1. Dividing the convex hull volume of the Cα atoms of the protein assembly as shown by its residue count, what figure in Å³ per residue is obtained?
2. Between B:H465 and B:S274, what is the label-to-label distance in nm when each label sits 7 Å out along the Cα-to-Cβ direction?
3. Once the piece of chain linking B:N75 and B:D200 is laid out straight, how much longer is it, given 0.36 nm per residue of separation minus the C-alpha distance between them?
4. May I ask you to report, in nm to one decimal and beginning with the shortest, the distances from B:D253 to the same position in the other copies, taking label points 7 Å along Cα-to-Cβ?
5. Please turn the phi angles of region B:238-255 into ³J(HN,Hα) values with the Karplus equation 6.51 cos²θ - 1.76 cosθ + 1.60 (θ = phi - 60°), one per residue in order, whole Hz, x for glycine and proline.
6. Only residues of region B:463-494 count here: report those whose backbone N is under 14 Å from the spot 7 Å along Cα→Cβ of B:V5, or say none.
7. In nanometres, what is the gap between the two model label sites at A:E46 and A:K353, each 7 Å from Cα along Cα-to-Cβ?
8. Given 0.36 nm per residue, what is the gain on full extension from B:F346 to B:C254 after removing their alpha carbon distance, in nm?
2 protein chains.
Amino acid sequence: MPKSVSYGHLSRYLSKDFELKTDGSKYVDASEILKGGFSRLLDVIEAAHVIANNFSHFDQSVLLKGIHVFIFSPNDELQYGVDESYKLLIPANGNPVYAHLEAQTIYGALHGLQTFSQLCHFNFTTRAIEVHQVPWTIIDQPRFSYRGLLIDTSRHYQPLPMIKKVIDSMAYAKLNVLHWHIVDSQSFPLEIPSYPKLWDGAYSISERYTMADAAEIVSYAQQRGINVLAEIDVPGHAVSWGTGYPSLWPSKDCQEPLDVSNEFTFKVIDGILSDFSKIFKFRFIHLGGDEVDTSCWRKTPHTRNWLQKNGLNESEAYQYFVLRAQKIALSHGYEIINWEETFNNFGNKLSRKTVVHNWLGGGVAERVVAAGLRCIVSNQDKWYLHYLDTTWQEFYMNEPLTNIKNPIQQGLVIGGEVCMWGEYIDGSDIEQTIWPRAAAAAERLWTAYDNLAKDPRQVTGRLAHFRCLLNQRGVAAAPLAGPGRVAPAEPGSCYKQ
Amino acid sequence: MPKSVSYGHLSRYLSKDFELKTDGSKYVDASEILKGGFSRLLDVIEAAHVIANNFSHFDQSVLLKGIHVFIFSPNDELQYGVDESYKLLIPANGNPVYAHLEAQTIYGALHGLQTFSQLCHFNFTTRAIEVHQVPWTIIDQPRFSYRGLLIDTSRHYQPLPMIKKVIDSMAYAKLNVLHWHIVDSQSFPLEIPSYPKLWDGAYSISERYTMADAAEIVSYAQQRGINVLAEIDVPGHAVSWGTGYPSLWPSKDCQEPLDVSNEFTFKVIDGILSDFSKIFKFRFIHLGGDEVDTSCWRKTPHTRNWLQKNGLNESEAYQYFVLRAQKIALSHGYEIINWEETFNNFGNKLSRKTVVHNWLGGGVAERVVAAGLRCIVSNQDKWYLHYLDTTWQEFYMNEPLTNIKNPIQQGLVIGGEVCMWGEYIDGSDIEQTIWPRAAAAAERLWTAYDNLAKDPRQVTGRLAHFRCLLNQRGVAAAPLAGPGRVAPAEPGSCYKQ
């Protein structure tokens, strides 16, 4: 739901040679982001039905000749906090008639094109693309700057075309951060040039990404206005690192957490982040830090000796590890995102450039922002997609600012993220596990609080329509009826299931 | 598995400007079917990873410069029985080295390109596409001429992009008939220009196909070597016809089967088949004829009177309907496919141009071919995809020629078809319900009997590889472990699930 909308009662049709006009823009589109976005716009609105060849029976005055896009900033850097606002006008008259799209940045303009695509309908009588309810005036901007979706390529490898499909569908819902949980205990699929044996921890020789593949994902996402947040989850969740470099394990019987006593461990983290900084240009890096069971460090002789020598207990060693990894990230120019256990255990020691990533449950964000740190909300009881029992209504109603009244503290909640953990997810079921529930969260993150539905029943029709639109665009979004990823229960219309 | 294969132990790499050469072909590619097939070949082999830019370190002698395709027939008509054979040679040497593909027809050549694509692997060291085990000699042709997959757009509408994705994936498995069960009792999504109210029976205004959409599907399929078999399932399975034309129903309380007593019923069938004949150029039309409960004809006064006046009992009236529909189809130049109940009830009355479509169970094909008619095998206990309990092993082991020893009778089994009925299938779950099980049946239908595995365990590795290949191409094929459409049970490699 946009910030403000008004519309009329006329119909206009997209002309056969519907065109992109850009004169008057300060943006020159050197990377062809706008050109690509316009080309995809035509693809999605023309994909569902064959358009008539002959437009001669149309009165010229009812045809939209094109869309005139004004972008005020010449800069196409995609960074946290980039202006994503846009203004879309579809007038009824003109000579000829052009839709009019204004945005500060190319990324606001891309959102405007997405909105425009959703106003287009195939008319079965005229066999042309119709825009109902002209004239339109839409003024729009997101409520939160960070609107994320996590994918996990460690539990199951996701081929590049699958990741690209997820990115495509994110753009339809105006999500803007792909949180790429690249590696975990189960596998290490990514090439790290500085430490070339790390991807020996991949599941197989073919289930790997080269650095060029990762750069391709970043570039593909950027073309669609989506930043990629790369994660290495340390010191836990890292068993696979030791396949190539066994000295990262405290011992063969203690493969997790990474060896806190070994300088090599931090050299490797430094090498990874150095390699990352060449392709992952998002301001943030995710350093994990969750679910760290340090008992292994105590049980293994050489790490126990190191703890004693340094006068640290296990918990202090965990803190030492996280803070040292943070320093490495800062040295590469990143700000840091860490899972909430780091905050829960030693929040006052974290770098002030930390964003705390909530996941364990509700009520965390209010403590984080009260401590003056930034927060991303992903409470697992509401926004974990692999919990199939969580309904889209629960996804919709999960409010990131619950119990946060102070405007300054509200501003520290930079957004939220739905998480598609990969234990039971591969290329066969990722789309219908993500959609339509992620779209319910996407509205929560995009739409101004006052415009949000107070009762999810008011959202059903709109969300059903969006899920059918996803199907029409080739995305395997599941029915709304029932919890996550259900097959349709009986024959029927997409719009009613 | 191809008919015959031999290979060596060398490696060759696809050159950066890998090209299509066609000189010497009699086929001129006026419809750009070969050009399109070659372009898709490059797309699928380059989709998974980013190829290196710099090939200067390669010795020219290890590079494949392109593929030289020789097609002997200038004809690009796609019809039942078209020659689909091909011969693919990938030599180790040459100056420069070209792969060599020979086929009688463009459609054999398309199969050869599919096979070639499956020999291509991304090499993570050279960052180029490698063909292992050169030199290759593959001589190949299908065992059966009819290798089908049914989709059902009445129980759930499938948007055009979804149908196109299914067609793409069928081509990967060398299936060659899309059996489009267009309409059924639940909805009538297709435009019929002769009777323009028929699609009033669609689920909604947007869940419809124009005739141009249907023509687009036929053309898209033809470009991939796949015929489209259109079905109208009469006289049962047709309630939706009466939404626009209520006189097709015997009465409001008896909406099925179609009114046998009404001449208008047969005029409508004639109109539909007349419209069909303009776009569905496949030799066959499917007229359904299954699950006809005629009790309604007896209970409704005017149809009961008609039965009495014509001296027909219910069963004879069913026969009358089916045979009259057959005559209409024949008058439009079609041969006929009917579901097996028509054969089971009055097989000796059916047109000799009938192909009987088995579905109820095993043992039918042998009776059909003994009666001198042709048969397609789809026994529901093995080849119905919506039965999720049926494993891929059962799909694989279902032998169409069971108990048929006479070579002439064997020749009457023109092939088989796996059926993806749509009651519980929409855009969200169609791909993973079809794949990988349809691929197991596809090998049964393609591969010479002697080359088929006698034990499906010999197929597991190959099928797992194919399912991972489908994932790599963006197709949501499900894991092999377990029955149909399972989510992966735990983290792990695609190749082991």
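1. Values: hull volume 176.8 nm³, N = 994.
With only Cα atoms used, the protein assembly as shown gives 178 Å³ per residue.
2. Going by the 7 Å Cα→Cβ label model, 5.4 nm.
3. Values: separation 125, 0.36 × 125 = 45.00 nm, distance 3.97 nm.
Contour length minus Cα-Cα distance gives 41.0 nm.
4. Distances to the matching label points in the other copies: 8.2 nm.
5. Each residue of region B:238-255 in turn: 9, 3, 4, 4, x, 4, x, 10, x, 6, 6, 7, x, 6, 5, 8, 10, 9 Hz.
6. B:463-467
7. In this crude label model, A:E46 to A:K353 measures out at 4.7 nm.
8. Working: separation 92, 0.36 × 92 = 33.12 nm, distance 2.47 nm.
Extending this stretch completely gives an extra 30.7 nm.
The values are calculated or read from the model by the stated rules, or taken from the named source; none is laboratory data. Computed from a predicted structure; not experimentally measured. FYI the Cβ positions are ideal-geometry reconstructions off the backbone, even for glycines, and counts take in every protein chain you see. Keep in mind that these areas ignore ligands, DNA and RNA; they rest on the heavy atoms of the full protein, side chains included. Shrake-Rupley method; radii C 1.70, N 1.55, O 1.52, S 1.80 Å.
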